[in-house]
Amino acid sequence: MKLHISKPSGVNVFSGYGEGFVMVGERRISHSVIVLPERIVEDWDATRFEALTASHLEALADLDCEVVLLGTGSRLRFPPPGVLRQANARLAAAGAGLEIMDVQAACRTYNILVAEERKVAAALLLG
């Protein structure tokens, strides 16, 4: 599916997504990634939902964001309660909230928040 949104120039937005990939502008990404308005973090070591740990999510607290969108693949899945509890504590201490959704919803929500000039990150599990 292609997404179209007006955006400030020089800001990363999702232009499309499909099974196992997202498009950021003209760039196709097929591995787990963190997308922020001003940069793309390609070396996030969370590769699959099943291998997700609290430390993967706690690392998102260092992104200086208001909202972190966790895309859990092609369907919505919640990490184990202990993982969420630990990660939410660290994120809350950094002033960030965590929203969990499927990758497609995370892309759409990210674009809306970027258009509102919010400090947002999309952490997407594509593997």
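The values are calculated or read from the model by the stated rules, or taken from the named source; none is laboratory data. Every value quoted in this text rests on a predicted model; they were computed, and no experiment measured them. Counting neighbours? That spans all protein chains shown, and the Cβs are built from the backbone with ideal geometry, glycine included. Just so you know, the surface numbers come from the protein's heavy atoms only, side chains and all, with ligands and any DNA or RNA stripped out. Shrake-Rupley method; radii C 1.70, N 1.55, O 1.52, S 1.80 Å.
Based on what the data block shows, is residue 58 open to solvent by 30 Å² or more (accessible area, probe 1.4 Å) and assigned to a helix (DSSP H, G or I)?
Yes, satisfied.
Give 63, 76, 84 a once-over and let me know the one that is touching a residue at least 40 places away in the same chain (Cβ under 8 Å), at negative phi and either of a type in the set (A, V, I, L, M) or crowded, with 17+ Cβ neighbours inside 10 Å (or both).
Answer to the check: 63.
When the residues of region 82-109 are filtered to those that are of a type in the set (Gly, Ala, Ser) and assigned to a helix (DSSP H, G or I), which remaining residue is nearest to residue 57 (Cα to Cα)?
Going residue by residue through region 82-109, those that are of a type in the set (Gly, Ala, Ser) are 82, 87, 89, 92-97, 105-106.
In the following step, the residues that additionally are assigned to a helix (DSSP H, G or I) were identified as 82, 87, 89, 92-93, 105-106.
Numbers: 82: 12, 87: 6, 89: 11, 92: 12, 93: 13, 105: 19, 106: 16 Å.
Only one residue tops the list, namely 87.
Hey, can you tell me all the residues within region 18-35 that are open to solvent by 20 Å² or more (accessible area, probe 1.4 Å), in contact (Cβ under 8 Å) with a residue 40 or more places away in the chain and in a strand (DSSP E or B)?
Result: 21, single match.
Name every residue in region 87-101 that is open to solvent by less than 60 Å² (accessible area, probe 1.4 Å) and among the aliphatic types (A, V, I, L, M), in order of residue number.
87, 91, 94, 96, 98, 100, 101
Among the numbered conditions (1) open to solvent by less than 70 Å² (accessible area, probe 1.4 Å); (2) at pLDDT below 95; (3) in contact with a strand residue (DSSP E or B) (Cβ under 6 Å, 6 or more places away or on another chain), tell me where residue 51 comes up short.
(3)
If you go through region 36-46 one residue at a time, do you hit one that is modelled with pLDDT of 95 or more, under 11 Å from residue 122 (Cβ atoms) and not in a loop (DSSP other than H, G, I, E, B)?
Yes, because at least one residue in region 36-46 is modelled with pLDDT of 95 or more, under 11 Å from residue 122 (Cβ atoms) and not in a loop (DSSP other than H, G, I, E, B).
Can you tell me how many residues in region 39-55 are touching a helix residue (DSSP H, G or I) at 6+ places or on another chain (Cβ under 8 Å), within 25 Å of residue 11 (Cβ to Cβ) and not aliphatic (A, V, I, L, M)?
Count: 1.
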